[in-house]
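A.B. asks: Can you read through this structure? Questions will come right after.
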Amino acid sequence: MANENEIPDFPTSITPQSQDFGRWYIDVVRRAELADYSPVKGCMVIRPYGYAIWELMQQGLDKRFKATGHVNAYFPMFIPESLFMKEAEHVEGFAPEVAWVTHGGKEQLEERLVVRPTSETIIGTMYAKWVQSWRDLPILINQWANVVRWEKVTRLFLRTTEFLWQEGHTAHETAEEAEEETRKMLGVYKEFAQTELAMPVMDGLKTESEKFAGADRTYSIEALMRDGRALQAGTSHNLGQNFAKGYDIKFQARDKSVQYAWTTSWGVSTRLIGGLIMTHGDDGGLILPPRIAPYQVVIVPIPRGNWKETVLPKAQEIRDALTALGVRVMLDDRDSQTPGWKFNEWEMRGVPLRMEIGPKDLEKQTVVLARRDTREKSFVPMDGLAPHVVQLLDTIQQALFERAIAFRTEHTSSTGSYDEFKATMEGRPGFVISPWCGSATCEAEIKTETQATIRNIPFETDAVPMAGQTCLKCHAPATTLAWFAKSY
RNA sequence: CGGGGCGUGGCUCAGCCUGGUAGAGCACUCGGUUCGGGACCGAGGGGUCGGAGGUUCGAAGCCUCUCGCCCCGACCA
C-alpha cells in the first residue's frame with residue numbers, strides 16, 4: 001500500500017540540525033508557534049499550540065497523581081523573607097536566583113517578599129499548622145503553578161525566568177514511607193515520559209553536588225536529546241526531616257512521642273516540551289507523538305471545482321467520525337493556502353498523521369494518509385477508516401518510542417578508560433556509564449576537563465558487584481557506576 | 001558575570017565605511033485565475049531607521065551616552 005513518493009526538499013527557514021542544533025531548536029519553537037520571546041527579559045510567551053501540548057501533559061500527569069492518591073491545592077506565590085530563610089541549605093541554593101518584592105504600590109514593605117522559586121518553605125509552613133497527629137499523615141498534595149528563578153542565561157522552554165510546573169509536596173510518618181513516595185513519583189514520571197511522550201529516560205540518584213538544595217536525596221529522570229546531550233526531565237526529592245525541622249512540622253506518633261515528619265517534593269516543568277522537541281524532531285521541524293499532539297490528524301481537502309459541495313462535506317463527515325472515537329482532528333479547510341503549503345506547514349508543526357482527500361479519492365472511495373515520522377504515504381479505503389486511523393496513531397506512538405530507544409542505544413557506551421571517555425565526549429556524545437569512586441573532587445575535575453557531568457547513578461548499581469573496578473578518573477576503587485553526559 | 005554580535009515596515013535583512021531625507025524578499029489587504037508537495041497575475045496599505053544628546057546647512061549613516069536582544073563560556077528545572 002505504501003508507495004515511495006519522494007519528498008522534495010522545500011524551502012524552509014529551519015536551520016538543519018547538523019548545521020547548528022541550538023539554532024534548529026529555536027527555529028522550530030518559533031516557526032511551529034510553540035512560544036515566542038516576550039518584551040520581558042528572560043520570559044517567554046507560550047503560544048496556543050505550545051500551551052495545548054502543556055495542557056495534554058498536565059492531563060496525563062494529573063490523572064497519574066490522582067491515581068496515586070494525591071490531591072491538588074494552591075499556595076501563594078509570595079513568601080515572606082523570614083519564612084524563606086529557615087532552611088539553611090535551601091536558602092544557600094536558591095537565594096542567588098530569587099526575585100524580591102520590595103514595594104506594594106508606593107509603600108516600601110516592612111518585610112520583603114520572595115517570589116517563589118519553589119514552594120517547600122510556604123507549604124512546609126502550612127503543613128506545620130495542619131499536622132498534629134500521625135493520623136494527619138500522610139499529606140499528599142500537588143500544585144500546578146508558575147515559579148520564578150532569576151537565571152542569567154535563558155532559553156525557550158529549557159530555562160526561562162518564569163516557568164510553569166507542578167510541584168508535589170508530601171509529608172509522611174516514617175522515613176521509609178517518604179523514600180517510597182520519592183521513588184514512586186520518579187516512577188510515575190518515567191512511565192509518563194515513556195508512555196505519553198515516547199521519551200526514554202534513565203532514572204537514578206543524583207550526586208551530592210547535584211541534589212536539590214535542602215534534600216537528603218534527589219532522584220532524576222534523564223533523557224537524551226538528538227544532539228547527544230542529556231536533559232534532566234524530572235526530579236523527585238527525599239527531603240528527610242530537614243524541612244520538617246526548619247518549619248516545625250511535628251506530630252504525635254503512635255507511641256505518643258513527638259516526631260518530625262518526613263517530607264518529599266517532586267516536579268516537572270514546561271521544560272518537558274523542550275525535551276519533547278529535541279527527542280523527536282528532525283530537519284522538517286517538530287514531530288509529536290500522537291498521545292501528546294494537540295492535533296493527531298490534519299485533514300487537507302484538495303480544492304477543485306465544486307469541492308465545497310463534494311469534498312468538503314466528506315471531509316467533515318470523516319472528521320466527525322474520528323472525533324467520535326476521541327481523535328483530535330484539525331480540518332484545514334482554509335482556501336487562502338494551497339494543499340502543498342498546508343502539507344509543509346503541518347509537517348513542520350509535527351502533526352503525526354495527515355489525511356488528503358480530493359475528487360479522485362471520492363471516486364475511488366479512498367483517502368491518502370501520510371505519516372509524519374516515516375513520511376510514508378498510503379491509500380486507505382474510506383470503509384473502516386476511523387478505526388484504522390486510531391490503530392495507526394498507536395503504531396506511530398510506538399514507532400517513535402522505539403526510534404528514540406534505538407537512538408539512545410547508539411549513543412550509549414560504557415568505559416573505564418578516561419581517554420576513551422574524553423574521546424566520546426567530543427562531538428555528539430550521548431550517555432557513558434563508568435565506574436566512579438564517589439568523590440566530588442573527581443566529579444568536578446571530570447566536569448572541568450570534559451564538560452560532562454554525572455547525570456545520575458543507576459538503581460541497578462545496588463546489585464552490581466563493584467569489586468575490582470576503579471574510578472574513571474582517579475583509579476581508586478569504585479563505589480558505584482554512574483551515568484555521565486554533557487547536559488543542558 | 002566575562003567575551004562576541006545585532007537593533008531599519010509584521011518577519012529576514014540591504015543601505016552606514018565615503019552624510020543629501022528609506023529599499024528588497026517574504027508576510028498582509030483587495031480583485032481574478034489556481035490548488036494531489038511551500039501557485040500566479042494585477043492593484044494596494046504599512047517604517048519619526050531602539051532611545052537621548054551632540055557635530056552639521058542637512059544624520060538611519062559620524063561622535064558620546066543609554067536601553068534591549070541574540071550567541072559563546074562559568075551557574076540552574
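The values are calculated or read from the model by the stated rules, or taken from the named source; none is laboratory data. What you see is a predicted model; the values in this text were computed from it and never measured. Because the Cβ atoms are built from the backbone with ideal geometry, glycine has one as well, and the counts that use them run over all protein chains shown. Just so you know, the surface numbers come from the protein's heavy atoms only, side chains and all, with ligands and any DNA or RNA stripped out. Shrake-Rupley method; radii C 1.70, N 1.55, O 1.52, S 1.80 Å.
A.B. asks: Can you tell me which residues in the range A:46-64 are loosely packed, with under 14 Cβ neighbours inside 10 Å and either assigned to a loop (DSSP other than H, G, I, E, B) or within 14 Å of RNA strand B (Cβ to nearest atom) (or both)?
C.D. replies: none
A.B. asks: Among the listed residues A:Lys106, A:Lys86, identify the single one that is open to solvent by 40 Å² or more (accessible area, probe 1.4 Å) and within 25 Å of A:Gln166 (Cβ to Cβ). Quick ask: steps written out before the conclusion?
C.D. replies: Working: A:Lys106 fails: within 25 Å of A:Gln166 (Cβ to Cβ).
Just a single option satisfies the conditions, and that option is A:Lys86.
A.B. asks: Within the range A:24-43, does at least one residue satisfy the condition of being open to solvent by less than 30 Å² (accessible area, probe 1.4 Å), at pLDDT below 95, hydroxyl-bearing (Ser, Thr, Tyr) and not assigned by TED's automatic domain parsing to the domain that holds A:Asn146?
C.D. replies: Scanning the range A:24-43 turns up no residue that is open to solvent by less than 30 Å² (accessible area, probe 1.4 Å), at pLDDT below 95, hydroxyl-bearing (Ser, Thr, Tyr) and not assigned by TED's automatic domain parsing to the domain that holds A:Asn146.
A.B. asks: Taking the range A:253-267 as the search range and keeping residues that are crowded, with 24+ Cβ neighbours inside 10 Å and closer than 30 Å to A:Leu158 by Cβ, which one is farthest from RNA strand B (Cβ to nearest atom)?
C.D. replies: Within the range A:253-267, the match that is farthest from RNA strand B (Cβ to nearest atom) is A:Thr263.
A.B. asks: Further question: Among the residues of the range A:235-252, are any within 14 Å of the chain's Cα centre (by Cα), under 30 Å from A:Thr412 (Cα atoms) and either open to solvent by 40 Å² or more (accessible area, probe 1.4 Å) or away from RNA strand B (no atom under 16 Å from the Cβ) (or both)?
C.D. replies: Checking the range A:235-252: not a single residue is within 14 Å of the chain's Cα centre (by Cα), under 30 Å from A:Thr412 (Cα atoms) and either open to solvent by 40 Å² or more (accessible area, probe 1.4 Å) or away from RNA strand B (no atom under 16 Å from the Cβ) (or both).
A.B. asks: How many residues, within the range A:234-258, are over 30 Å from A:Leu83 (Cβ atoms) and not in a loop (DSSP other than H, G, I, E, B)?
C.D. replies: So the answer is 0.
A.B. asks: Can you go through A:Trp130, A:Trp150 and tell me which one is of a type outside the set (D, E, K, R) and either within 16 Å of RNA strand B (Cβ to nearest atom) or open to solvent by less than 40 Å² (accessible area, probe 1.4 Å) (or both)?
C.D. replies: Sole residue among the options that is of a type outside the set (D, E, K, R) and either within 16 Å of RNA strand B (Cβ to nearest atom) or open to solvent by less than 40 Å² (accessible area, probe 1.4 Å) (or both): A:Trp150.
A.B. asks: Answer yes or no: is there a residue in the range A:104-114 that is touching a His at 6+ places or on another chain (Cβ under 8 Å), assigned by TED's automatic domain parsing to the domain that holds A:Gln166, at negative phi and not in a loop (DSSP other than H, G, I, E, B).
C.D. replies: Taking every residue of the range A:104-114 in turn, at least one turns out to be touching a His at 6+ places or on another chain (Cβ under 8 Å), assigned by TED's automatic domain parsing to the domain that holds A:Gln166, at negative phi and not in a loop (DSSP other than H, G, I, E, B).
A.B. asks: Related question: Just for the range A:328-347: of the residues that are under 13 Å from A:Tyr295 (Cβ atoms) and of a type outside the set (Val, Ile, Thr), which one is farthest from RNA strand B (Cβ to nearest atom)?
C.D. replies: So, considering only residues that are under 13 Å from A:Tyr295 (Cβ atoms) and of a type outside the set (Val, Ile, Thr), the one farthest from RNA strand B (Cβ to nearest atom) is A:Arg328.
A.B. asks: Name the residue that is nearest to A:His411 (Cα to Cα), counting only residues in the range A:422-449 that are among the polar types (S, T, N, Q) and crowded, with 20+ Cβ neighbours inside 10 Å.
C.D. replies: A:Thr424
A.B. asks: Give me a count of the residues in the range A:355-383 that are more than 8 Å from RNA strand B (Cβ to nearest atom) and assigned to a loop (DSSP other than H, G, I, E, B).
C.D. replies: So the count comes out to 7.
A.B. asks: Quick one: which residue in A:Gly246, A:Gly240 is among the small types (Gly, Ala, Ser), on the phi > 0 side of the Ramachandran plot and in contact with an Asp or Glu (Cβ under 7 Å, 6 or more places away or on another chain)? So that I can check it myself, show each step before the final result.
C.D. replies: Details: A:Gly246 fails: on the phi > 0 side of the Ramachandran plot.
Answer to the check: A:Gly240.
A.B. asks: So, one more: Which numbered condition trips up A:Gln132, out of (1) closer than 21 Å to A:Lys245 by Cβ; (2) within 26 Å of the chain's Cα centre (by Cα)?
C.D. replies: So the condition that A:Gln132 fails would be (2).
A.B. asks: Let me ask something else. If I ask for residues that are of a type in the set (A, V, I, L, M, F, W, C) and either within 11 Å of RNA strand B (Cβ to nearest atom) or touching a Cys at 6+ places or on another chain (Cβ under 9 Å) (or both), which ones from the range A:190-233 would you list?
C.D. replies: Passing the criteria: A:Phe212, A:Ala213, A:Ala215, A:Ile221, A:Ala223, A:Ala230, A:Leu231, A:Ala233.
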